[in-house]
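Notes to accompany the following structure.
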Amino acid sequence: MPEDAVLTAERAHLDLAAACLQQMHTATAATADAGVDAWASERLGAARAERLRSLAADPGAPPFFGRTDTPDEAFHVGRRHVRDAAGDPVVIDWRAPMSRPFYQASAADPQGLTRRRRFGFADGRLTSYEDESLTGDDGESQLLREEIERPRSGPMRDIVATIQPDQDDIVRAPLAESICVQGAPGTGKTAVGLHRAAYLLYTHGEQLARTGVLVVGPNRAFLRYIEQVLPTLGEV
């Protein structure tokens, strides 16, 4: 498929994902919160409000940032799951098991993939894409390098589109495993820890809803600096 045709098709899928996300928000807002008693109604209302905040978090972020291709099908990978009116997936949550090959696949171990596609965005518009073949030698991803090296300012942002295989191993480690992330300043220790929290909340939500998750920082300024990371990953 010519490059312009690929961009046109991917932009159409981006528009579809955005429309489906809006439909999910509208459907959630219309959900009744009348329970069998006042307590049940309050809990239903709180759950709906939390779901709405999750769907509305970081509206400027594109619905997806990558795609994985197998011999039979392709899946777009994003910050949260997006489905259409029929319930079919339009975007797969980055934390889902089927998204792991996006982070882990290589030419040496393609994990069932034939291609990994990364997308470039400018002001919310899909402007470029880059395909990585997983059937030959590993090559350096220009889009990945540019995103990693892009200057950061303001509050900490998520690194969900650029997680490296060794970081992904830490993020997806078992719940019962204690993890100590060490490294020099600026190497992503805090970001990896926050992405691990988001992954555990997604994977073990019911269990952690009972026990809770505590994020501790050295001071309030640090907590303000990192406070937007979990909401952008769908955890509010």
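Each reported figure results from applying straightforward, stated rules to the coordinates on display, with no laboratory input. Keep in mind that what you see is a predicted model, and the values were worked out from it rather than measured. Positions of Cβ are generated from backbone atoms using ideal geometry, with glycine treated the same way; all protein chains shown enter the neighbour counts.
For region 64-125, what is Rg from Cα atoms divided by 2.2 N^0.38 Å, rounded to two decimals? Can you show the working numbers first?
On the way: Rg = 12.1 Å, N = 62, 2.2 N^0.38 = 10.6 Å.
Relative to the rule-of-thumb radius for its length, region 64-125 sits at 1.15.
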Under the 7 Å Cα-to-Cβ spin-label approximation, residue 128 and residue 84 lie apart by a distance in nanometres of 3.1
Residue 204 and residue 135 label points (each 7 Å along its Cα→Cβ direction) are spaced in nm at 4.0
Sort 222, 119 by Cβ crowding within 10 Å, fewest neighbours at the top. 222, 119
Would you work out the charge dipole size for region 152-235 about its Cα centre, treating the Cβ of every Lys and Arg as +1 and the Cβ of every Asp and Glu as -1, and quote it to the nearest 20 debye? 340
Just want the answer: with Cβ charges of +1 for Lys and Arg and -1 for Asp and Glu, which residue in 230, 86, 127 is farthest toward the dipole's positive end in region 86-236? 230
Test item: Cα-centred dipole of region 57-143, Lys/Arg +1 and Asp/Glu -1 on Cβ, debye: 340
Going residue by residue through region 120-125, the Karplus relation 6.51 cos²θ - 1.76 cosθ + 1.60 with θ = phi - 60° gives ³J(HN,Hα) values, rounded to whole Hz and with x marking Gly or Pro, of x, 10, 9, 6, x, 9
